[in-house]
Structure formats: C-alpha cells, structure tokens
1. With the checklist (1) more than 27 Å from H22 (Cα to Cα); (2) among the small types (G, A, S); (3) modelled with pLDDT of 95 or more in hand, flag the one item G145 doesn't pass.
2. Under the condition of being among the hydrophobic types (A, V, I, L, M, F, W, C) and in a loop (DSSP other than H, G, I, E, B), which residue from region 289-314 is farthest from L266 (Cα to Cα)?
3. Going by the structure shown, is T151 at pLDDT 95 or above and within 30 Å of A3 (Cβ to Cβ)?
4. For region 86-119, what are the residues that are in a loop (DSSP other than H, G, I, E, B), touching a residue at least 60 places away in the same chain (Cβ under 8 Å) and surrounded by 11 or more Cβ atoms within 10 Å (Cβ to Cβ)?
5. Can you tell me which residues in region 142-167 are in a helix (DSSP H, G or I) and either aromatic (F, W, Y) or closer than 21 Å to L24 by Cβ (or both)?
6. Is it the case that region 55-65 has a residue that's assigned to a loop (DSSP other than H, G, I, E, B) and not β-branched (V, I, T)?
7. Being touching a Phe, Trp or Tyr at 6+ places or on another chain (Cβ under 8 Å), farther than 26 Å from P125 by Cβ and at pLDDT 95 or above: is that true of P229 here?
8. State whether the residues of region 244-262 include one that is of a type in the set (D, E), farther than 20 Å from S130 by Cβ and touching a residue at least 24 places away in the same chain (Cβ under 8 Å).
Amino acid sequence: MKALVIGSGIIGLSTAHVLQEHGLTVKVISRDLPQSTTSWRAAAVWFPYKAYPLEKVMEWSRISYHYYHNYLDRPDTGVSMVSLRILESIDAAKEWLEAVPSEVKKISGTTLPKGYQEAIEFEVPLVDTSYFLPYLLTTFLIKGGEFEMKTLRSIDDLDYSEHDWVINCAGLGSRQLVNDEKMFPIRGQIVKVKAQPNLGWIAAEHGPLALSYVIPRKNEVILGGTAEPGVEHCDIDPEETKRILERCKKLAPGLNPAIIKAEVGLRPGRDEVRLEREGDKIIHNYGHGGSGFTVCWGCAEEVAAIMGLGGEQI
C-alpha cells in the first residue's frame, strides 16, 4: 500500500515512520522543511499540555513515552531521559499523572521558588529538535521514503489516485487545507540562551511564575514561555523576552541569561485533537496543541490501527 502524509512537523514525520514500519510505501509533502515548522521551536519535553480530550491524550502520551526508549543512547537522535520538576502538587496534577510510567517524587520545603509549597519530579523523555527532526527525515528517506516540498491550498488539490491513503498532519494549516474553523493558533515565545552546566529541567504551569520553564539541551537552554490563544503574529516581543528571563531566573537561581535569540511559534490549538477517518482514504491527525512531541507516537499508531494495520484504536 501507498500512503501520502501531509506535513513535516513531528506529527507528520512520526506518522510517516510508523507507516513505514508497517510496510507501507510513504511519501511526505510539506510546505516547509522540518526546521521551518513549529515543531522545530518546541521545548519538546514529554508533558501533556493544551491537548484534548484528556482521556485519549493520556493514552497517546503513555504510548509515546515508551516509544522514545527506542531512540535512547544514540547521540544522533537527541533523545534522552531527564528528571523533570513541575511546580505543582500531586493532587493538582492527578488528571495527567496517570500517564507517567515512572516513579513520581513529591518535593516540598525551602528549595522551591517563592510562592510554591510543593513540586513533583519524574523521569521523562526530552527531545532536542535540532537533532531529532533531521534524524527522522534522514532515516525516512534512507528507508525509501519520498519527500516533496509543495504548498497546498486545499486537500482537494491532491491527486489521490496514486495513493491508498492520505494522512493530513498539517497542524494549524488545516484551517485552510480542510476549512476547519475549530483550529486556532496558540502563540508561544521562547528564549534560547547559552548552554551551562548544573541546570535542572523545571517548569511552572501555574502559580506566580507561570508560564515558565527551563529546558537545558546540549548546545543551548530553552527558556519559556507564553501560551496566547488566538494570537496570530510571529513577531518577537522584546518586553516578553525580558519577562521570560525574569521568571526563569526565579525558577532557576544561578541561570546565566546569555541570550542567543528569541523565537515564536504558533501551536495548533483545537477543542480536541482530530484523529479520524474521512471517506474512503483520508485520515486526519492534527490539532495537538502543545503536546505534539508528547502524543505523536501514540497518534501515529492509532492512524495505523484505523488503516487496519494492527494496534488498537483509542
């Protein structure tokens, strides 16, 4: 069978890989190369964020958590396991903690930033997008996949005759591609600073430092962030950069704020992920909010299940 995947962000590339594993001949078409997608700018630490419905997101997240173990101990993938600290109580986080396969530790005391009494800590996959997205594209091509840069105005512009399946992983582009009025942007600004030793992985989704996170990578540290529903522009806000630095210095005392650059991406927001079949050969897989790297492998496996290639639909 032949499959055509639309989109080269993490959702499109993970879907293409899983379909290859199931023996399909796969082609990816995309307006952009991976380094120009929103996925490239993501902090890309495993953490369910702004994706719904929760029960499905949790199952997709569990599958993806284990899937990332296939890429550990390989420096060319940029995938590692890290100890992530979230400034939140276990009770407040219980809705999504069920998706965490590792031991969850409760932390309290004076080591926490002002305004926080409890935190939780657990092992999660961390993805360095500058390594992982090129790795996925390269290995996809080595295995016989085809990649074409192409801008689509509508999914109806495609010639379906050469493919048994078309999988729409266009993210926010699905607003135009399939006229999905439920899609909306969630603007996110981050700041990249120079790498430094002895930093931990820490985030605050709620409380006085929300939204902030410090995500060390090999060559840089990602500082965030913002989550602005309905905001469309990708201009860098210098004042927001200052606010991000101020929050993150409180989050991680000793942080060296030597800025490399700030970046903006538009997360693909939706009231719930659209993962379903339409007609004879189209499957939609988009609207993952801020959880693309967290749910991608679970969603890709569900695409395969919809095709009848094995697995279980969630």
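1. Unmet for G145, out of (1) more than 27 Å from H22 (Cα to Cα); (2) among the small types (G, A, S); (3) modelled with pLDDT of 95 or more: (1).
2. Restricting attention to region 289-314, the residues satisfying the condition of being among the hydrophobic types (A, V, I, L, M, F, W, C) are 293, 295-297, 299-300, 303-307, 309, 314.
Filter once more, keeping what is in a loop (DSSP other than H, G, I, E, B): 307, 309, 314.
Numbers: M307: 30, L309: 32, I314: 27 Å.
That would be L309.
3. On the way: at pLDDT 95 or above: no; within 30 Å of A3 (Cβ to Cβ): yes.
Criteria not met by T151.
4. To start, the set of residues in region 86-119 that are in a loop (DSSP other than H, G, I, E, B) comprises 87-89, 98-104, 109-117.
Among the residues that remain, those that are also touching a residue at least 60 places away in the same chain (Cβ under 8 Å) are: 87-88, 113-116.
Result: L87, E88, P113, G115, Y116.
5. Taking region 142-167 first, the residues in a helix (DSSP H, G or I) are 142, 155-157, 160-162.
The answer is I142, I155, Y160, S161, E162.
6. As a first pass, look at region 55-65 and keep what is assigned to a loop (DSSP other than H, G, I, E, B): none.
No, region 55-65 contains no residue that is assigned to a loop (DSSP other than H, G, I, E, B) and not β-branched (V, I, T).
7. On the way: touching a Phe, Trp or Tyr at 6+ places or on another chain (Cβ under 8 Å): yes; farther than 26 Å from P125 by Cβ: yes; at pLDDT 95 or above: yes.
Against the criterion (touching a Phe, Trp or Tyr at 6+ places or on another chain (Cβ under 8 Å), farther than 26 Å from P125 by Cβ and at pLDDT 95 or above), P229 qualifies.
8. Looking only at region 244-262, we keep the residues that are of a type in the set (D, E), and these are 246.
Pick out the ones that are also farther than 20 Å from S130 by Cβ and you get 246.
Within this subset, residues satisfying the condition of being touching a residue at least 24 places away in the same chain (Cβ under 8 Å) are none.
No; the residues of region 244-262 include none that is of a type in the set (D, E), farther than 20 Å from S130 by Cβ and touching a residue at least 24 places away in the same chain (Cβ under 8 Å).
The values are calculated or read from the model by the stated rules, or taken from the named source; none is laboratory data. None of these values were measured; they are calculated from a predicted model. Quick reminder, even Gly has a Cβ in these numbers, built from the backbone with ideal geometry, and neighbours come from all protein chains shown.
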